[in-house]
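Novice: Please read through the structure below; I'll follow up with questions.
Coordinate-derived values only; no laboratory data. Predicted, not measured: the structure shown is a model, and the values here were computed from it. Reconstructed Cβ throughout: ideal geometry from the backbone, glycine too, with neighbour counts over all protein chains shown.
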Amino acid sequence: MTAQPAPGADVSGDSYLPSHGNGGYRVRRYDLDLEYRPMANRLSGTARITAVATQALSAFTLDLAPYKINRVQVSGGNARYTHRGNKLRIKPARSIADGAEFTVEIRYAGNPEPLSSREWGDVGWDELTDGALVASQPIGAPTWFPCNDHPSDKAAYRLAVKVPAPYTVVATGRLVDSRRSAGATTWVFERDEPSATYLMSVQIGQYVDVELDDVARIAVPARLRDDALVDFGRQPRIRAALEEWFGPYPFDEYVVVVTDDELDDPIEAQGMAVFGAGHVDGARTHERLVVHEFAHQWFGNSLTVADWRHIWLNEGFATYAEWLWSEASGGESADALARHWRAQPAQQGSGPRIGDPGVADMFAERVYKGGALTLHALRGELGDETFFALLRDWTSTHRHATVTTEAFTSLAAHHAGRSLEEFFAAWLESDVLPD
């Protein structure tokens, strides 16, 4: 059979963001060697991607911002390519058989900049006053490395980043090496657990490192260190509570990065969360956000949505974790918070459906708070013992995998021992929430 490009090779088939991600293959591993010069905002890199064809391929595509491409090779041989917009189309010298493993090596360089979007603002690699950060959700990963940019294609990573010596690099994964040479330091990280492209992150700045326990640490500007120890100091207690509700923490490490710049919202990444200087005041004012981002390690990072329409499985669960922690730490009860948020204007009248909000409303308050309301109502339907057993089973069964709403509702019905079709239809499929 003659090899052909995958049907819709330059699209993922995602119901919301089909142009992000690609068909015809699955990535197993990314090996990224990067060098960044903050003063010039200059990024150069070599990406080696190991993938497996899911059909015979004569060509395939990757997502990558408009960098200058210096070389493309497939399995050691030079390949022809075109690069238009954010799509790199590659035609290897020899076709790739269905089921065959192949490698792609791409050398590229340029000035990284975030991708501007009408719905979410700037996403991806962005300059700080002194350094850089990556905030890729949902489509920013191609601003700094070539990839199959879809949450369902999770892979392992090795990431090496060379920066001038005054700077520290914090990236997702275990730090396995750091080496100095000629006024620069190369930081090397390994991410063994399958990870979505949007959850990979690099943070570059002048940080001090503070350990909180054998899992959690903070990377923070020296001037904010003392206040950050107050604001994030209860993370070991928070993790113990989250593990009681959701099961064992799914990674070996958790690092909070506090940038020296202001950020509107915290940023989640695999085994990491990023906060701005404005989130630090030494009074734990933003602790609900600390809990929210920590909970994403279970819901979003270990369990990753197979399609962006299932986003409530990330945001609804992380929001409900805020309510559970409020009650556990002596604040308002989850029930009081549920009643409060149900009464807010965003939850009244017709609005986005929680289980399928549409691309423009992926991150709407109805999805966050309405998703948490759905879980609180389910808790009332099942009772505490069954509800929390369901959540622990959910995180255990799908650990480091991809998930859908249908998988969750099916598992919930199994734990309930009865059909929950009407319950979930009312909460997830209607544009008006139940009372």
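Novice: Say we join alpha carbon atoms closer than 10 Å with springs in a Gaussian network model of the chain; which of S302, S178, S350 then has the biggest fluctuation?
Specialist: Judging by the Gaussian network model, the answer is S350.
Novice: If every alpha-carbon in the stretch 256-350 counts as one equal scatterer, what log10 I(q)/I(0) does Debye give at q = 0.11, 0.12, 0.14, 0.17 1/Å?
Specialist: Per q value, in the given order, log10 I(q)/I(0) is -0.37, -0.45, -0.61, -0.87.
Novice: So, one more: Please build a GNM for the chain, connecting alpha carbons under 10 Å apart, and tell me which residue among F363, F299, F317 fluctuates the most.
Specialist: Fluctuation is largest for F363.
Novice: Shifting gears a bit: In whole Å, how far is the Cα centre of the stretch 134-163 from that of the stretch 194-228?
Specialist: 18
Novice: Any idea what Rg and Dmax come out to for the stretch 207-297 if you just take the C-alpha atoms, in Å?
Specialist: 12.0, 36
Novice: Find which of A306, T405, F387 sits farthest along the positive direction of the dipole of the stretch 290-435, computed with +1 on the beta-carbon of Lys and Arg, -1 on that of Asp and Glu, about the Cα centre.
Specialist: A306
Novice: The stretch 175-229: D in µm²/s via Stokes-Einstein (Kirkwood Rh, Cα pairs, 4 °C, 1.567 mPa s)?
Specialist: Numbers: Rh = 13.7 Å.
It comes out at roughly 95 µm²/s.
Novice: Run the helix sum for the chain: -39,500 (n - 2.57) per DSSP H stretch of 4+ residues, divided by residue count, reported at 222 nm to the nearest 500 deg cm²/dmol.
Specialist: Numbers: 9 runs with 102 residues, N = 435.
Taking each H run of at least 4 residues, the total per residue is -7000 deg cm²/dmol.
Novice: With point charges of +1 on the Cβ of Lys and Arg and -1 on the Cβ of Asp and Glu, referenced to the Cα centre of the chain, which listed residue (T285, Y36, A222) lies farthest in the positive direction of the dipole?
Specialist: It is Y36.
Novice: Only Lys, Arg, Asp and Glu count, each charged at its Cβ (+1, +1, -1, -1), so figure out the dipole size of the stretch 303-429 about its Cα centre, rounded to 20 debye. Don't jump to the answer; show the numbers that get you there.
Specialist: Numbers: 10 positive and 17 negative charges, 18 e Å.
About 80 debye.
Novice: Given the options A401, A364, A165, state which has the largest fluctuation in a GNM of the chain using a 10 Å cut-off (strictly under) for Cα springs.
Specialist: Result: A165 has the largest fluctuation of those listed.
Novice: I'd like the Karplus ³J(HN,Hα) series for the stretch 372-389: coefficients 6.51, -1.76, 1.60, θ = phi - 60°, whole numbers in Hz, and an x wherever there's a Gly or Pro.
Specialist: 5, 4, 4, 5, 5, 5, 5, 4, x, 5, 9, x, 4, 4, 5, 4, 6, 5
Novice: Applying a 10 Å radius around every beta-carbon, put 131-138, 46-53 in order of their mean neighbour count, most first. Could you put the intermediate results ahead of the total?
Specialist: Numbers: 131-138: 24.2, 46-53: 18.8.
Averaged packing, sorted descending, gives the order 131-138, 46-53.
Novice: Next up: For the pair A100 and R392, how long in nm is the line joining their label points, each one 7 Å along Cα→Cβ?
Specialist: 4.9
Novice: Would you mind working out the magnitude of the charge dipole of the stretch 207-297 relative to its Cα centre, with +1 at each Lys and Arg C-beta and -1 at each Asp and Glu C-beta, to the nearest 20 Debye? Kindly include the intermediate steps, with their values, before the conclusion.
Specialist: Values: 8 positive and 20 negative charges, 51 e Å.
That gives the stretch 207-297 a dipole magnitude of about 240 debye.
Novice: Which whole-number percent gives the relative contact order of the stretch 303-429, counting Cα pairs below 8 Å spaced six or more residues apart?
Specialist: Working: 134 pairs, mean separation 45.6, N = 127.
Value for the stretch 303-429: 36 percent.
Novice: Can you tell me how much longer the chain between A336 and S116 gets when fully stretched, taken as 0.36 nm per residue apart minus their C-alpha distance, in nm with one decimal? Working shown, then result.
Specialist: Details: separation 220, 0.36 × 220 = 79.20 nm, distance 3.82 nm.
Full extension of this stretch gives 75.4 nm more.
Novice: What GluC sites (Glu not before Pro) does the stretch 303-363 have in DSSP loop regions with at most 16 other beta carbons within 10 Å? Walk me through the numbers before you get to the answer.
Specialist: On the way: sites: E315, E322, E327, E332; in loops: E332.
When the GluC sites (Glu not before Pro) of the stretch 303-363 are filtered for loop state and at most 16 Cβ neighbours within 10 Å, E332 remain.
Novice: Return the Rg/Rh value of the stretch 1-112, two decimal places, where both radii are evaluated on C-alpha atoms and Rh is the Kirkwood radius.
Specialist: Numbers: Rg = 14.3 Å, Rh = 14.5 Å.
Rg divided by Rh gives 0.98.
Novice: While we're looking at this one, here's another question. Return, for the Cα atoms of the stretch 303-429, the radius of gyration and Dmax in Å, separated by a comma.
Specialist: Radius of gyration, then largest Cα-Cα span, for the stretch 303-429: 13.9, 37 Å.
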